[in-house]
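Presented below is the structure to which this report refers.
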Amino acid sequence: MGTKDKCSICSQKIKLRYNPMEEWSIDGILCGDCYSKKLNEYYPGEHVRVNKELD
Ligand SMILES: [Zn+2]
(Lines give C-alpha, C1' and ligand atoms only; values in the text may rest on other atoms or scores of the structure.)
Protein backbone atom coordinates (compact mmCIF):
# COMPACT_ATOMS: atom_id res chain seq x y z
CA MET A 1 0.00 0.00 0.00
CA GLY A 2 2.43 2.62 -1.07
CA THR A 3 1.44 6.17 -1.61
CA LYS A 4 4.49 6.88 -3.70
CA ASP A 5 3.03 5.86 -6.98
CA LYS A 6 4.84 8.43 -8.99
CA CYS A 7 7.27 7.86 -11.76
CA SER A 8 10.82 8.86 -10.87
CA ILE A 9 11.33 10.43 -14.25
CA CYS A 10 8.14 12.14 -15.32
CA SER A 11 6.36 12.23 -11.96
CA GLN A 12 3.23 10.84 -13.46
CA LYS A 13 0.97 8.77 -11.38
CA ILE A 14 1.64 5.14 -12.07
CA LYS A 15 -0.89 2.46 -12.60
CA LEU A 16 1.52 -0.26 -13.47
CA ARG A 17 4.92 0.03 -11.90
CA TYR A 18 8.18 -0.92 -13.43
CA ASN A 19 11.34 -1.39 -11.48
CA PRO A 20 14.34 0.26 -13.10
CA MET A 21 17.43 -1.76 -13.82
CA GLU A 22 20.25 -1.32 -11.34
CA GLU A 23 22.58 0.12 -13.94
CA TRP A 24 20.18 2.97 -14.62
CA SER A 25 20.86 4.38 -11.16
CA ILE A 26 17.28 5.38 -10.70
CA ASP A 27 15.78 5.48 -7.30
CA GLY A 28 12.15 4.57 -7.23
CA ILE A 29 9.77 3.24 -9.80
CA LEU A 30 8.98 4.02 -13.39
CA CYS A 31 5.88 4.24 -15.50
CA GLY A 32 5.62 2.11 -18.58
CA ASP A 33 6.52 4.95 -20.91
CA CYS A 34 9.70 5.93 -19.14
CA TYR A 35 10.66 2.34 -18.68
CA SER A 36 10.41 1.73 -22.40
CA LYS A 37 12.35 4.87 -23.15
CA LYS A 38 15.13 3.89 -20.80
CA LEU A 39 15.29 0.45 -22.29
CA ASN A 40 15.70 2.01 -25.70
CA GLU A 41 18.39 4.34 -24.43
CA TYR A 42 20.39 1.62 -22.83
CA TYR A 43 19.72 -1.14 -25.27
CA PRO A 44 19.15 0.54 -28.61
CA GLY A 45 18.02 -1.64 -31.41
CA GLU A 46 17.29 -4.54 -29.20
CA HIS A 47 13.81 -5.73 -28.94
CA VAL A 48 12.81 -5.92 -25.40
CA ARG A 49 10.82 -8.88 -24.38
CA VAL A 50 8.91 -9.14 -21.21
CA ASN A 51 9.14 -12.86 -21.34
CA LYS A 52 12.65 -14.02 -21.72
CA GLU A 53 13.12 -16.83 -24.09
CA LEU A 54 14.97 -19.74 -22.72
CA ASP A 55 16.64 -20.58 -25.96
ZN1 LIG B 1 7.36 8.17 -16.36
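Here are the numbers for the structure shown:
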read-out: The stretch 34-55, subset exposed (fewer than 14 other Cβ atoms within 10 Å of the Cβ) and at pLDDT 65 or above, residue farthest from residue 8 (Cα to Cα); value: 45
read-out: Residue list for the stretch 21-44, restricted to those being more than 14 Å from the ligand (Cβ to nearest atom) and farther than 20 Å from residue 4 by Cα; value: 23, 42, 43, 44
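The values are calculated or read from the model by the stated rules, or taken from the named source; none is laboratory data. Note that the structure is predicted; figures quoted are calculated from it, not measured. In this analysis, Cβ positions are derived from the backbone assuming ideal geometry, glycine residues included, and neighbour counts consider all displayed protein chains.
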